[in-house]
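Structure record follows, encoded as structure tokens.
Read the figures in this text as sums done on the coordinates, not as results from a lab. Worth saying up front: this structure is predicted, and the values here are computed from it rather than measured. Ideal geometry is used to build each Cβ from the backbone, glycine not excepted, and the neighbour counts take in all protein chains shown.
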Amino acid sequence: MPPAEQILTPAALRDWPLPMPDGGKNSRGRVLVIGGARTAPGAAMLAGQAALRVGAGVLTLAVAESVAGPVAAAVPECAVLWLAETAAGSVAASSAEAIQRALGSAAAILIGPGLDDIDETADLIAALVSAADEDLPIVLDAYAIGALGQLPRAAREALAGRLLLTPNHQELERLLEAESEPAGSGSGPASGTDGPADPQRLLAERYGAVLSSDNRIVTPAGDRWEVPAGHSGLGTSGSGDVLAGALVGLLARGAEPVQAACWATYLHAAAGDRLAARVGSLGFLARELLDQLPLVLTELQA
């Protein structure tokens with residue numbers, strides 16, 4: 001592992017090689033992505049494909065039943081779970097029972113891409129955490145990050161130590177607002193007035209999570225790494241789903257949480273740099289990042 005508070009260079013990553021599983025697809029881990037409400041099935045698809053692009057072996061997409069058929073046709077490499085949904089098309093918390101049957105074979109799970117109802121998402125996370133093995137890594141993205149503030153304390157405690165978060169700037173601010181609530185006003189801990197000034201470190205510490213945000217990786221212990229790549233062109237619809245998918249894919253391959261976060265953040269940023277050089281600094285699409293991920297990964301592992 002590179003020293004804490006280090007700039008992550010290609011040389012540093014090469015000295016911190018990813019696991020290279022032998023054998024077939026099962027040796028590279030099974031990824032379960034839970035998301036894809038009726039209004040945003042593409043988010044789960046982007047995340048799942050990113051997981052495969054960084055080397056995960058098997059993919060299952062758990063999405064709202066109204067879009068499950070089209071998702072299965074669009075991503076033929078995946079298995080699909082059809083999830084119950086609300087009248088508005090959101091994934092319903094009652095779908096937890098169907099998802100639980102897939103938890104036992106998963107090497108890592110991602111919750112959030114394409115979910116669009118905070119209350120249903122919070123209830124869904126709480127149910128899944130109680131059923132998942134205590135060492136199963138869990139990545140939360142998008143609406144699942146926003147739901148953290150509504151989780152019961154028991155669910156937060158069960159997540160601590162195996163949780164990874166990928167908040168964008170807005171999600172980071174919303175989490176900080178939830179943390180600033182007076183003690184006793186919600187189900188989670190308040191931040192207090194003497195917490196660390198660094199908001200990313202505060203949240204990593206409070207939730208016992210490895211956090212990747214704005215090309216920075218922070219651990220609950222306060223270790224930090226910066227990725228000197230990427231640019232504003234990555235601020236495009238679906239880009240965060242690609243990052244979260246790359247992260248869960250590396251976890252499935254056997255990378256430790258901190259290593260997976262550092263590598264995924266660098267891969268995502270470097271993929272954006274490659275597209276900027278070819279397409280332009282603005283205007284490339286998140287789905288175009290997918291093709292760049294294995295190329296950057298191969299270069300780093302050369």
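Under 8 Å for C-alpha pairs, at least 6 residues apart: give me the relative contact order for segment 1-129, rounded to a whole percent. Write down the numbers at each step before the final one.
Values: 227 pairs, mean separation 33.8, N = 129.
Answer for segment 1-129 is 26 percent.
With a simple spin-label model that places each label point 7 Å from the Cα along the Cα-to-Cβ direction, the separation between Asp22 and Val279 comes to 3.9 nm. The magnitude of the dipole of the chain, with charges of +1 and -1 set on the Cβ of Lys/Arg and Asp/Glu and taken from the Cα centre, is near 780 debye.
Here the contact order of the chain, divided by its residue count and restricted to Cα pairs under 8 Å and six or more residues apart, works out to 21 percent. The distance between label points at Ala12 and Asp214 comes to 1.8 nm (points 7 Å beyond Cα on the Cα→Cβ vector).
Could you give the size of the charge dipole of segment 1-85 about its Cα centre, using +1 on the Cβ of each K and R and -1 on the Cβ of each D and E, expressed in debye and rounded to the nearest 20? Intermediate results must be reported in sequence, preceding the final value.
Details: 6 positive and 6 negative charges, 30 e Å.
Its charge dipole is roughly 140 debye.
Place +1 on the Cβ of every Lys and Arg and -1 on the Cβ of every Asp and Glu in the chain, take the dipole about the Cα centre, and give the residue among Ser105, Ala93, Gln6 whose Cα lies farthest towards its positive end. Value: Ser105. As a proxy for reagent exposure, ranking Arg253, Arg274 by other Cβ atoms within 10 Å from fewest up yields Arg274, Arg253.
Residues Glu5, Glu85, ranked from the fewest to the most other C-beta atoms within 10 Å, line up as Glu5, Glu85.
Of His268, His231, how do they rank once you tally other Cβ atoms within 10 Å and put the fewest first?
Details: His268 30, His231 13.
Ascending Cβ contact count within 10 Å gives the list His231, His268.
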